[in-house]
1. Could you check the spin-label model distance between Arg114 and Phe75? Points 7 Å from the Cα along Cα→Cβ, value in nm.
2. Could you give the length gained by full extension between Leu53 and Ser137, i.e. 0.36 nm per residue of separation minus their alpha carbon distance, to one decimal place?
3. Using the beta-carbon distance between Ser125 and Glu87 and R0 = 22 Å, what value does 1/(1 + (r/R0)^6) give for FRET efficiency, to the nearest 0.05?
4. Pull up all non-local amide H partners of Asn104: gap of 5 or more, or a different chain, and H-to-H distance under 5 Å with H placed in the peptide plane.
5. How would the stretch 58-149 be classified by its alpha-carbon gyration tensor: rounded, prolate or oblate, with rounded meaning a/c under 1.5 and the a/b versus b/c comparison settling the rest?
6. So for the stretch 58-149, taking the charge dipole from beta-carbon charges (+1 Lys/Arg, -1 Asp/Glu), which of Tyr107, Ser125, Val147 sits furthest toward the positive end?
7. Grab the other residues whose beta carbon is less than 9 angstrom from that of Tyr117, score K and R as +1, D and E as -1, and report the net.
8. What ranking do Lys80, Lys70 get, fewest neighbouring Cβ atoms within 10 angstrom at the top?
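Nothing in this text is a laboratory measurement; each read-out follows from the coordinates by a stated rule. None of these values were measured; they are calculated from a predicted model. Methodologically, a virtual Cβ is constructed for each residue, glycine included, from the backbone with ideal geometry; neighbour enumeration extends over all protein chains shown.
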Amino acid sequence: MKKADGFLKKKFRTTGEADIIALTKLAATLQQKKMVKPENIENDGDIWLARALDLFGNRWKLRIINGLMKGPKRFTALRKQITGINEKVLTENLRSLECDGFINREYYAEIPPRVEYSLNGLGASLRGVIGEMEKWSVTYLRPVCEVEK
């Protein structure tokens with residue numbers, strides 16, 4: 001894991017402790033899921049795309065991240081914003097994204113208790129990717145949907 005930590009610090013040149021922790025969690029997740037071997041972390045070539053797709057392999061994770069782009073949200077607000085998702089699936093995906101280091105979960109010890117989810121540096125780094133996917137879908141998928149009507 002030390003090789004991965006050094007690589008992450010050098011590659012991303014992050015200064016924030018939270019970003020280093022998030023990237024380290026992601027590296028650990030990739031290694032645990034046998035998606036990357038520590039000795040090949042720098043020279044794995046084009047299978048990085050496949051690994052990224054494995055992290056976001058379901059239809060909800062990118063939508064959850066997109067929902068958090070405008071700021072922290074509570075569970076109920078996310079559920080209302082993401083059409084078609086149920087509580088169980090949202091909970092599982094939020095836990096997975098937190099475990100992988102993309103989002104933060106903030107628990108407030110109040111009555112009633114409150115939990116907010118927000119993007120950290122690693123999750124926010126997907127802003128450009130999601131923005132480009134939105135542009136692409138509007139440009140190419142909208143005409144396809146109009147033809148199907």
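1. 1.5
2. Details: separation 84, 0.36 × 84 = 30.24 nm, distance 1.75 nm.
Extra length available between Leu53 and Ser137 comes to 28.5 nm.
3. Numbers: r = 28 Å, r/R0 = 1.27.
For R0 = 22 Å, the calculated efficiency reads 0.20.
4. For Asn104, whose amide H was placed from the backbone, the distant partners under 5 Å are Ser118, Leu119, Asn120.
5. Working: a/c = 2.61, a/b = 1.81, b/c = 1.44.
Cα axes put the stretch 58-149 in the prolate bin.
6. Val147
7. Details: positive: Lys73, Arg74, Arg105; negative: Glu98, Glu106, Glu116.
Residues close to Tyr117 contribute a combined charge of 0.
8. Numbers: Lys80 12, Lys70 9.
The fewest-first ordering by Cβ neighbours comes to Lys70, Lys80.
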